[in-house]
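Asks: Have a look at this one.
The values are calculated or read from the model by the stated rules, or taken from the named source; none is laboratory data. Nothing here was measured: the structure is a model prediction, and the numbers come from that model. In this analysis, Cβ positions are derived from the backbone assuming ideal geometry, glycine residues included, and neighbour counts consider all displayed protein chains. Protein only, heavy atoms only, side chains kept; ligands, DNA and RNA dropped before computing areas. Shrake-Rupley method; radii C 1.70, N 1.55, O 1.52, S 1.80 Å.
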Amino acid sequence: MTSPRDVHDSGSGRHAPASDSDADRPAMRRLREGIPASPGIVIAPVRVLRMEVPQVPHGGVIPEERIEAEIDRFRKACDAVREQIRTLQRATREQLGPVEAQIFEPQLVMLEDPELIDGTELNIRENHLTAERAFEWRVLEWEAQWSHTAHPMVLDKLNDLDDVEGRVLRYLMGVPEPELASLVDDQMVIVVARDLTPSVAAQLNPARVLGLATDEGTRTSHSSILARSLHIPCVVSIEGLSETVRDGDELILDGRTGRVIIHPDDDEKAHYRDLDFQMREWEQELLLLAHLEPTTQDGARVDMRANIDLPGEAQGARSHGAQGIGLFRTEFLVVGRSSFPPEEEQYRAYRQVLEAFPDHPVVIRTYDVGGDKFPAFLHMPKEENPFLGWRAIRLCLDEPEFFKAQLRALLRARAHGDLRIMLPMVTQLSEVIETRRLIAETSEELRLAGHSTDPECPVGAMIETPAAALIASELASHVDFFSIGTNDLVQYTLAVDRGSSRLAHLYNPFHPAVVRLIHHVAQVGQERGVEVAVCGELAAHPLGAFLLIGMGIPSISVGPAALAEIKKVIRSIHQKKAAVALDEILSAETSEAVVQILTEHLRADLDLDRFALSLWGAN
Ligand code: PEP
Ligand code: MG
């Protein structure tokens with residue numbers, strides 16, 4: 001067994017220098033909040049992982065006659081590293097599945113990228129540098145180009161680049177690859193890192209790693225995807241955590257709320273142990289509901305569908321009782337990729353989800369890129385306000401080649417079930433009309449190419465901007481359904497960045513302005529016979545579900561983990577009573593009043609103490 005030479009407890013990494021004395025530690029806030037990425041509560045000591053790129057020795061100039069040999073050495077190193085990554089990718093595919101294995105793809109693409117490879121060779125040839133030095137220089141240049149943005153996608157890419165750089169340099173310098181599994185073999189730990197590269201995450205031993213917490217990342221970054229697949233509780237995007245904690249520090253990690261408590265006291269530990277126990281008991285109870293009908297006490301039926309980010313999640317959603325998919329986010333196909341995803345790969349992903357739900361609707365959202373999700377191949381412009389910028393349906397309509405490949409794959413996949421196409425971030429009628437025109441054109445092209453396609457494929461608009469909500473009547477003439485995306489609707493209505501922890505107290509879906517917009521859309525839907533669904537997080541909140549059912553919304557879509565809990569709400573309440581509460585709610589003046597009215601009414605039918613109500617001040 002090789003020793004883990006460049007992953008260690010608390011030494012200094014290039015990105016994360018750690019100090020040795022307690023006095024140098026950043027002031028410690030004990031309660032830290034991040035993005036909940038994989039549910040579960042754990043209490044355990046910390047193990048900080050710092051990935052280090054080996055130090056390249058100074059000097060490193062070579063004579064003219066060694067240049068070709070040096071280039072050859074560099075190429076061999078790249079070949080060897082590609083092979084290492086492919087081996088890991090194969091192991092990940094066997095252990096976790098094809099989608100998880102896909103996350104190694106960006107690293108393989110980097111190792112083929114002429115900018116990196118030819119750039120390094122040029123450094124060797126023109127500057128007479130050793131392969132190590134030439135490669136290190138080229139990577140530094142790349143990092144400098146990217147690192148002016150703190151964008152999560154770019155950070156993911158930097159993370160991949162670190163991984164690739166470490167591997168190539170270790171190979172060139174004869175440093176053995178670390179055996180990460182052995183690092184945490186001796187005890188149960190919560191691994192804390194700046195971020196986890198796929199190759200690190202895939203090598204962690206899930207029997208020993210009880211939890212994961214990272215400074216960076218998003219719900220869809222590599223560490224989150226792998227944590228969910230491995231059922232490891234995980235919180236990401238906790239700013240500076242890996243700089244704050246040390247090996248052995250005790251931590252409570254709550255992957256459901258995104259909270260971490262450093263050095264918890266006995267009362268906090270007792271509270272979370274109790275919470276964990278209750279959660280497990282509650283989960284057992286909820287499991288029994290999976291295959292019961294989502295019908296209220298007075299017989300109103302609500303369709304319960306699932307939100308998924310990856311095709312592999314469809315089966316799990318089904319076993320949790322989902323009756324179809326209400327939101328399949330397709331960005332995983334493009335994010336972190338340097339090249340366009342082939343149509344065939346897209347088609348297979350959509351088909352996989354449809355095959356999991358042969359008798360139910362599967363709503364697939366077209367690419368919601370831009371904002372915080374940048375595919376490298378689109379060469380996105382730098383924008384001051386990317387969330388108000390070139391994103392989602394706007395971008396797709398401006399890039400018809402890119403968009404039509406997705407539409408082709410979707411229309412072909414419709415042969416396998418009740419596929420419905422959903423458009424994100426609609427603000428203009430023309431966006432729907434133009435997409436419908438492109439769908440008709442694509443469908444005709446497919447027909448001429450010998451495919452059997454259905455020109456009547458249902459098309460819906462996401463209602464996630466106030467503009468879309470307020471023109472719902474006009475949109476109703478052009479769409480088959482609405483799906484209200486409350487996550488963005490709240491952000492755009494209240495002018496509050498949904499990712500800002502500083503503004504989190506202002507981000508409130510129970511704000512009367514949001515409630516009234518949702519109600520307006522629900523009414524338009526009923527009057528015009530257009531199905532209204534809700535797929536934002538509001539639907540996964542018991543008070544939110546009660547509110548939506550009171551509005552007569554017939555379909556809600558939540559993450560698989562929330563399905564059973566929300567079904568419990570539906571089966572416990574009376575739709576007519578919820579509708580009575582709505583009258584009061586619509587005249588409420590503040591978010592607090594809305595929450596209070598909802599809580600009072602819901603408490604009459606449900607023991608709310610067992611639900612996770614910590615969000616949005618609803619306790
Ligand atoms: C939403 O905005 O509510 C939504 C469901 O989409 P996303 O969270 O992917 O932006
Ligand atoms: Mg959205």
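Asks: Among Val534, Val524, which is within 12 Å of ligand 1 (Cβ to nearest atom) and either farther than 21 Å from Thr257 by Cα or open to solvent by 50 Å² or more (accessible area, probe 1.4 Å) (or both)?
Replies: Numbers: Val524 fails: within 12 Å of ligand 1 (Cβ to nearest atom).
Testing whether each residue is within 12 Å of ligand 1 (Cβ to nearest atom) and either farther than 21 Å from Thr257 by Cα or open to solvent by 50 Å² or more (accessible area, probe 1.4 Å) (or both) leaves just Val534.
Asks: Quickly run through the stretch 482-497 and pick out the residues that are more than 10 Å from ligand 1 (Cβ to nearest atom) and open to solvent by 10 Å² or more (accessible area, probe 1.4 Å).
Replies: Within the stretch 482-497, Thr493, Leu494, Ala495, Asp497 qualify.
Asks: Right, next: Looking at Arg256, Arg246, which one is charged (D, E, K, R), in a loop (DSSP other than H, G, I, E, B), within 25 Å of Val534 (Cβ to Cβ) and outside the structural domain of Gly552 (by TED's automatic domain parsing)?
Replies: Details: Arg246 fails: within 25 Å of Val534 (Cβ to Cβ).
Result: Arg256 is the single residue among Arg256, Arg246 that is charged (D, E, K, R), in a loop (DSSP other than H, G, I, E, B), within 25 Å of Val534 (Cβ to Cβ) and outside the structural domain of Gly552 (by TED's automatic domain parsing).
Asks: Could you identify the single residue in Ala270, Ala227 that is outside any loop (DSSP other than H, G, I, E, B), at pLDDT 90 or above and not assigned by TED's automatic domain parsing to the domain that holds Arg90?
Replies: That would be Ala270, the only listed residue that is outside any loop (DSSP other than H, G, I, E, B), at pLDDT 90 or above and not assigned by TED's automatic domain parsing to the domain that holds Arg90.
Asks: When you check Val81 against the structure, is it of a type in the set (Val, Ile, Thr), over 30 Å from Arg246 (Cα atoms) and surrounded by fewer than 14 Cβ atoms within 10 Å (Cβ to Cβ), yes or no?
Replies: Working: of a type in the set (Val, Ile, Thr): yes; over 30 Å from Arg246 (Cα atoms): yes; surrounded by fewer than 14 Cβ atoms within 10 Å (Cβ to Cβ): no.
Considered against the rule, which asks whether it is of a type in the set (Val, Ile, Thr), over 30 Å from Arg246 (Cα atoms) and surrounded by fewer than 14 Cβ atoms within 10 Å (Cβ to Cβ), Val81 comes out as no.
Asks: When Arg420 is evaluated against the numbered criteria (1) touching a Leu at 6+ places or on another chain (Cβ under 9 Å); (2) surrounded by 13 or more Cβ atoms within 10 Å (Cβ to Cβ), which criterion, by number, is the only one it fails?
Replies: If we test Arg420 against (1) touching a Leu at 6+ places or on another chain (Cβ under 9 Å); (2) surrounded by 13 or more Cβ atoms within 10 Å (Cβ to Cβ), just (1) comes out false.
One line per residue, one yes/no per condition, for (1) modelled with pLDDT of 95 or more; (2) assigned by TED's automatic domain parsing to the domain that holds Pro458; (3) within 28 Å of Pro361 (Cβ to Cβ):
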{"position": "Ala513", "(1), (2), (3)": "yes, yes, no"}
{"position": "Phe546", "(1), (2), (3)": "yes, yes, yes"}
{"position": "Pro554", "(1), (2), (3)": "yes, yes, yes"}
{"position": "Ala564", "(1), (2), (3)": "no, yes, yes"}
{"position": "Leu582", "(1), (2), (3)": "yes, yes, yes"}
{"position": "Asp605", "(1), (2), (3)": "no, yes, no"}
{"position": "Asp609", "(1), (2), (3)": "no, yes, no"}
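Asks: I want to confirm something. Restricting to the stretch 378-398 and keeping residues that are among the hydrophobic types (A, V, I, L, M, F, W, C) and open to solvent by 30 Å² or more (accessible area, probe 1.4 Å), which single residue is farthest from the chain's Cα centre (by Cα)?
Replies: The selected residue is Leu397.
Asks: Kindly indicate which of Phe277, Phe340, Phe332 is hydrophobic (A, V, I, L, M, F, W, C), modelled with pLDDT under 85 and not in a loop (DSSP other than H, G, I, E, B). First the steps, then the outcome.
Replies: Details: Phe277 fails: modelled with pLDDT under 85; Phe340 fails: not in a loop (DSSP other than H, G, I, E, B).
Of Phe277, Phe340, Phe332, the one residue that is hydrophobic (A, V, I, L, M, F, W, C), modelled with pLDDT under 85 and not in a loop (DSSP other than H, G, I, E, B) is Phe332.
Asks: Okay, moving on. What's the number of the only condition in (1) within 16 Å of ligand 2 (Cβ to nearest atom); (2) assigned to a helix (DSSP H, G or I); (3) of a type outside the set (Val, Ile, Thr) that Asp497 fails to meet?
Replies: (2)
Asks: While we're looking at this one, here's another question. Go through the stretch 442-466 and give me each residue that's in a loop (DSSP other than H, G, I, E, B), within 30 Å of Ile553 (Cβ to Cβ), more than 16 Å from ligand 1 (Cβ to nearest atom) and in contact (Cβ under 8 Å) with a residue 12 or more places away in the chain.
Replies: Of all residues in the stretch 442-466, those in a loop (DSSP other than H, G, I, E, B) come to 449-458, 464-465.
This time we only want the ones that are within 30 Å of Ile553 (Cβ to Cβ), so: 454-458, 464-465.
Adding the requirement that they be more than 16 Å from ligand 1 (Cβ to nearest atom) leaves 454-458.
The answer is Asp454, Pro455, Cys457, Pro458.
Asks: Follow-up question, since we're still on this one. Restricting attention to the stretch 348-372, which residues are within 16 Å of ligand 1 (Cβ to nearest atom) and either part of a loop (DSSP other than H, G, I, E, B) or open to solvent by 40 Å² or more (accessible area, probe 1.4 Å) (or both)?
Replies: Selection gives Thr366, Tyr367, Asp368, Val369, Gly371, Asp372.
Asks: Here is a further query. Taking the stated definitions as given, is Glu293 part of a helix (DSSP H, G or I) and open to solvent by 30 Å² or more (accessible area, probe 1.4 Å)?
Replies: no
Asks: So, in the stretch 373-393, exactly how many residues are part of a loop (DSSP other than H, G, I, E, B) and within 11 Å of ligand 1 (Cβ to nearest atom)?
Replies: Initial filter on the stretch 373-393 (part of a loop (DSSP other than H, G, I, E, B)): 374-375, 379-385, 389-391.
Within this subset, residues satisfying the condition of being within 11 Å of ligand 1 (Cβ to nearest atom) are 391.
Residues that pass the stated criteria total 1.
Asks: Among residues belonging to the stretch 505-518 that are more than 15 Å from ligand 1 (Cβ to nearest atom) and free of Cβ contacts under 8 Å to residues at least 60 places away in the same chain, point out the one that is nearest to Ile471 (Cα to Cα).
Replies: Going through the qualifying residues, I end up with Ala513.
Asks: In the list Leu548, Leu606, which residue meets the criterion of being open to solvent by less than 40 Å² (accessible area, probe 1.4 Å), in a helix (DSSP H, G or I) and within 30 Å of Ala37 (Cβ to Cβ)?
Replies: Exactly one of Leu548, Leu606 is open to solvent by less than 40 Å² (accessible area, probe 1.4 Å), in a helix (DSSP H, G or I) and within 30 Å of Ala37 (Cβ to Cβ), namely Leu548.
Residue by residue, here is whether (1) within 28 Å of His320 (Cβ to Cβ); (2) assigned to a helix (DSSP H, G or I); (3) touching a Ser or Thr at 6+ places or on another chain (Cβ under 9 Å); (4) away from ligand 2 (no atom under 16 Å from the Cβ) holds:
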position	(1), (2), (3), (4)
Ala533	yes, no, yes, no
Leu543	yes, yes, yes, yes
Gly552	yes, no, no, yes
Ala562	yes, yes, no, yes
His601	yes, yes, no, yes
